[in-house]
Amino acid sequence: MNSTLYSLIGLAAGVAFILALKGLSHPKTARRGNLIGAFGATVATLSVFLYVTPSHGEEVGHSLPLHNFWWILGAIAVGLIIGVPAARKVEMTQMPQLVALFNGVGGGAAALVAIVEYLNLGAEATTAEVIFTVFTVVVGCVSFSGSIITFMKLQELMTTRPVVFPGGRFVIAGTLAAVLGTSVWVVAALGTTPLLVLAVLSLLFGVLFVLPVGGADVPIVISLLNAFTGLTVAASGYVLSSTLLIIAGTLVGASGTILTRLMAEAMGRSLFGTLFGAFTAKPQEASGSAEERPVRSGSADDVAILLNYARRVVIVPGFGLAVAQAQHTVRELADLMISKGIDVAYGIHPVAGRMPGHMNVLLAEANVPYDQLAEMDEVNPTFGQTDVAIVIGANDVVNPAAQTTPGCPIYGMPILEVNHASNIIFLKRSMRPGFAGIENELLYDPKTMLLFGDAKASLTKVVSALKAL
């Protein structure tokens, strides 16, 4: 394959990536966009086997033989054996963890490729190539180690609360200064030792960078680290003289940055506050425990009677819905209410669950019509005319503390204002706080009824009781 044809194939793959991002911007076109992106990635990967970019000293357009062919196929086979089953078997509740791991592997791979290419180039490396190599190693290693910590927080293999220690901000600042100083050392000395030292320091900084982030903010950091990975791919594309890598990496970096900004706005805080707010947050006094405060609990029959006489009902799905895999049951309940002439809508918070679009994908599995999904800005003005709000496994995204309690971890975050509804039904397993670790005063509101138990089992009982009315 000549260089012109190779470049055209790369351009076509780049266009496929752009169309994929466009498709992923809306639930109706997300599946098609995902398929287009997968097609573009497949074409881009296969084209590498037909043409390899020239190395230093080679004439442009001259195709080098592909070395280590069977090793490459073996690596791809190992990736398929691990990746395909993981992607197919992962539950919706663990999707953010999978994204974090895949993102971290991407950043680590880019860093390793940059290190190997640096060793191959040796003294022939230009200053620009060394600078891009340093950038790729730093950001790739930060993305890798940081993504591992986000995975552990989401998987609750470690505490989901911010991890801070005395002098922590100075340790982080000192590590960052060491990373920058070592980067200059690599550019000036052109040695293997300083590059390896840089990689170790970058891995350490990635850990320190994510530790102070609380569990509720981890999805924002995943998006940020995803943007970092895109930048490392783009930088490695320069080192490898691959226009396709530059295009793909730039798209990932740009889209990840935009998503990070939108998520931070949805949480009602600045990105700096998300990353380092734990160092300045004031400790909150614990309020009375659940055992000391009465709540109003009810049965499935009580809920069914309340719904039977409602005119408008808003369903607010959350992480608990995903845990219980109750999306099909909630669809059955919604269809039953609609058949009784009740106006039903789903109130979707931008960061409900563990990642943007989490609830949209979950409800799409149950074929919930898109026109029944209402975003936060659309549904909030209607809660005043809502007879019943059903909160299923959501907690932080409906917690009034975000509006009434300055200094709490979620203060300033826009919420679904279910507290304005005439009646509130909370489906919960227990009185345990949400992912942010703070109590929800809405649970003690006189107009709130709690239905304890597994969400799927509870909703099944409600459906049966409502059918009997």
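Each reported figure results from applying straightforward, stated rules to the coordinates on display, with no laboratory input. Since the structure is predicted, the reported quantities are computational estimates derived from the model, not experimental observations. Note: ideal-geometry Cβ built from the backbone for every residue, glycine included; neighbour counts use all protein chains shown.
Quick notes on this structure:
- Order of GLU375, GLU156 under a 10 Å beta carbon neighbour criterion, fewest first: GLU156, GLU375
- Full extension of the chain segment joining THR127 with VAL84 gains 11.5 nm, where the gain is 0.36 nm per residue of separation less the Cα-Cα distance.
- Between the beta carbons of VAL200 and VAL295, assuming R0 = 35 Å, the FRET efficiency works out to 0.10 to the nearest 0.05.
- 222 nm mean residue ellipticity, helices alone, for the chain (DSSP H n ≥ 4; -39,500 (n - 2.57); rounded to 500): -19000 deg cm²/dmol
- Pairs of lysines in the chain whose Cα atoms sit within less than 18 Å of one another amount to 6, provided the residues are eight or more positions apart or on different chains.
- Cβ-based exposure ranking for HIS67, HIS349, HIS26, in which fewest neighbours within 10 Å come first: HIS67, HIS26, HIS349
- Within the chain, percent of DSSP bridges classed antiparallel, to nearest 5: 0 percent
- With 0.36 nm allotted per residue and the present C-alpha distance subtracted, the SER430-HIS67 stretch has 124.8 nm of extension available.
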